[in-house]
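The values are calculated or read from the model by the stated rules, or taken from the named source; none is laboratory data. All values derive from a computational prediction rather than experimental measurement. Ideal geometry is used to build each Cβ from the backbone, glycine not excepted, and the neighbour counts take in all protein chains shown. Surface areas here come from the heavy atoms of the whole protein model, side chains and all, with no ligands, DNA or RNA. Shrake-Rupley method; radii C 1.70, N 1.55, O 1.52, S 1.80 Å.
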Amino acid sequence: MSIVTVQLGQCGNQIGQEVFSALCSDIRGTHGLCSDKENESYQDSCKERFFCEEESAIPVARAVLVDMEPKVISQTLSVAARSGHWKYSSHSHFCQKQGSGNNWANGYSVHGPRHKEAIMNLVQKEAEKCDRLGGFFTIMSMAGGTGSGLGAFVTQCLRDAFPTSFILNHVVWPYGTGEVIVQNYNSVLTLSHLYHSSDALLVHENDVIHKICAQLMNIKQISFRDVNQVIAHQLGSVFQPTHTAGGGSGYSRNPLGELMESLVPHPEFRMLGLRNIPQMPESSLPYSTFSWPGLIKHLRQMLIANAQMEEGIDWQVRPPHPSSIPSTNKPLHFNTSIANLVILRGKDVHSVDLGSFQDPSLYTSWLNPQDAFNAWKTPRAFNKYEKSAALVSNSQFLLKPLDSIVGKAWNMFASKAYLHQYAKFGIQEEDFLDCFTTLEQVISSYTNL
């Protein structure tokens with residue numbers, strides 16, 4: 001099944017291009033860790049999922065590019081075409097000249113309705129090119145105006161036009177220190193609207209990825225491109241083909257559907273976080289060896305201690321003792337999960353013991369641990385790592401950042417700061433209050449796990 005990617009705004013277009021580059025370089029890699037037959041079916045499955053073949057034999061990304069100013073889209077198109085290994089279709093992008101001025105309301109209330117028909121026509125055309133449409137993957141930031149405001153509007157249009165398709169929104173969380181003065185407003189408006197129309201939100205925090213670049217990748221002068229490449233690697237580690245538990249011998253047919261089925265058992269809980277191990281500069285790989293038990297042990301501790309990477313994990317955090325029934329006795333800093341998915345890639349994957357992830361004390365009491373945990377595996381290595389693991393988790397990972405962003409936005413709202421800029425595009429105080437109510441409910445639900 002195929003996935004149509006919708007890249008929105010500067011951030012969405014730059015990350016989207018890195019994602020397709022990472023997928024393409026991975027399927028072109030010669031990984032001697034699996035049979036030729038396995039490698040061939042992996043490549044075919046990836047191509048069907050993310051690319052369509054044209055006469056020129058260069059794979060064309062199944063993507064729609066949207067921005068309200070032309071610069072980033074023209075750069076993105078030319079970088080892809082220059083690679084010689086894949087490209088974007090010349091007819092699947094939409095841009096204007098004026099931008100959204102970092103104002104969510106401008107993107108949502110003005111640009112969205114004005115350009116709805118043109119954007120949805122492009123999406124419809126991409127969807128019709130798929131033999132079988134698995135769903136939509138949107139990439140956007142929350143801080144600015146186009147990605148966030150127009151992104152929320154386009155997601156609602158996708159839900160209306162494709163009521164039975166899966167929609168996964170990849171959302172980039174702004175730096176805590178701030179990129180835009182009104183980023184907390186934009187974030188609250190984006191998240192609350194997505195919560196009503198998306199099936200799940202897969203979140204990357206800029207601060208976390210920045211830390212990974214500095215501490216694990218040893219990059220001295222970190223650029224947006226470095227950050228985007230780490231995000232692209234992590235997304236590729238989830239979406240490249242794998243064998244799912246009940247999927248027989250072939251590669252999984254519908255990754256979006258299987259992701260939702262595994263991880264979103266209840267509509268109140270839609271926030272997914274992603275962790276990867278190992279992550280290191282390519283130059284260090286020849287000097288490193290990894291064992292599955294070591295990787296799994298670290299990944300499990302990253303989960304329960306809510307660590308963002310394998311460096312600096314708090315090993316003191318332990319799951320609550322089964323005898324302490326009241327949830328008030330939970331150890332401090334323990335991260336409770338609703339559902340987890342572990343994805344293993346590389347040699348000897350089928351012998352890996354994942355029993356430690358099936359421990360009932362990791363999960364909320366209302367789900368059976370057998371239903372709450374899933375594993376996908378493939379002997380095909382990913383992007384130069386002989387063995388690698390990814391964890392997609394529906395847990396309390398994002399509770400703190402969410403609470404913080406809502407708190408900061410509320411403080412500004414209470415003093416009526418900048419509200420006039422939103423009112424002139426039709427977003428009134430009661431719209432803000434609705435959004436705060438939605439997110440307070442999400443915070444409360446995750447807190448009470």
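Helical content of the chain, expressed as a calculated mean residue ellipticity at 222 nm, amounts to -12500 deg cm²/dmol (DSSP H runs of 4 or more residues, -39,500 (n - 2.57) each, divided by residue number, nearest 500).
At q = 0.20, 0.22 Å⁻¹ the log10 of I(q)/I(0) for the stretch 111-239 amounts to -1.18, -1.30, computed by Debye summation with a single uniform scatterer per C-alpha, solvent ignored. For the stretch 400-448, the convex hull spanned by the alpha carbon atoms encloses 68 Å³ per residue. Counted residue by residue at 0.36 nm each, then reduced by the alpha carbon distance between them, the extension gain from residue 125 to residue 366 reaches 82.5 nm. Could you tell me the center-to-center distance, by alpha carbons, between the stretch 252-270 and the stretch 193-248 in angstrom? Each part reduced to its Cα centre gives a spacing of 17 Å. Here residue 350 sits with roughly 120 square angstrom of accessible surface, probe radius 1.4 Å.
Ratio of Rg to Rh for the chain: 0.95 [Cα atoms; Kirkwood radius as inverse mean 1/r over pairs]. Rounded to the nearest 20, the Cβ-based charge dipole of the chain about its Cα centre (Lys and Arg +1, Asp and Glu -1) stands at 520 debye. Under 5 Å between amide hydrogens, built in the peptide plane, is the criterion, and for residue 102 it picks out 145, 146 among residues at least 5 positions away or on other chains. With springs connecting C-alpha atoms under 10 Å apart, model the chain as a Gaussian network and identify which of 65, 256, 402 has the largest mean-square fluctuation. Fluctuation is largest for 402. Ordering 442, 426, 410 by the projection of their Cα atoms onto the charge dipole of the stretch 400-448, which places +1 on the Cβ of Lys and Arg and -1 on the Cβ of Asp and Glu, puts 410 at the extreme positive end. In the complete set of protein chains, residue-level accessible area for residue 197 is approximately 10 Å², probe 1.4 angstrom. Between residue 222 and residue 25, the FRET efficiency from the beta-carbon distance, with R0 = 22 Å, is close to 0.55. Using a Gaussian network model of the chain in which every pair of alpha carbons under 10 angstrom is joined by a spring, one finds that among 203, 154, 180 the greatest mean-square fluctuation is at 180. Residues in the stretch 259-267 carry Karplus couplings, in order, of 5, 5, 4, 6, 10, 10, x, 8, x Hz; the curve used is 6.51 cos²θ - 1.76 cosθ + 1.60 with θ = phi - 60°, and Gly or Pro positions show x. Of the listed pairs 211/297; 125/387; 116/424, which have alpha-carbon separations greater than 29 Å here? Violating the 29 Å limit, Cα to Cα: 125/387. Taking all protein chains in place and a 1.4 Å probe, what share, in percent, of the accessible surface of the stretch 2-273 do carbon and sulfur account for? That fraction is 49 percent.
Comparing 190, 155, 177 in a Gaussian network model of the chain where C-alpha atoms under 10 Å apart are linked, the largest mean-square fluctuation is found at 177.
The mean of 1/r over all distinct Cα pairs in the stretch 320-440, once inverted, gives the Kirkwood hydrodynamic radius of 18.2 Å.
Overall shape: oblate for the stretch 1-51, with the ratio a/c of the largest to smallest alpha carbon gyration tensor axis at 1.5 or above and b/c at least equal to a/b.
Each Lys or Arg adds one and each Asp or Glu subtracts one; over the other residues with Cβ under 10 Å from the Cβ of residue 252, this totals +1.
With the whole protein complex present, residue 348 retains an accessible surface near 90 Å², based on a 1.4 Å probe. Per-residue accessible area (protein heavy atoms, 1.4 Å probe) orders 366, 315, 376 as 366, 315, 376, starting from the largest.
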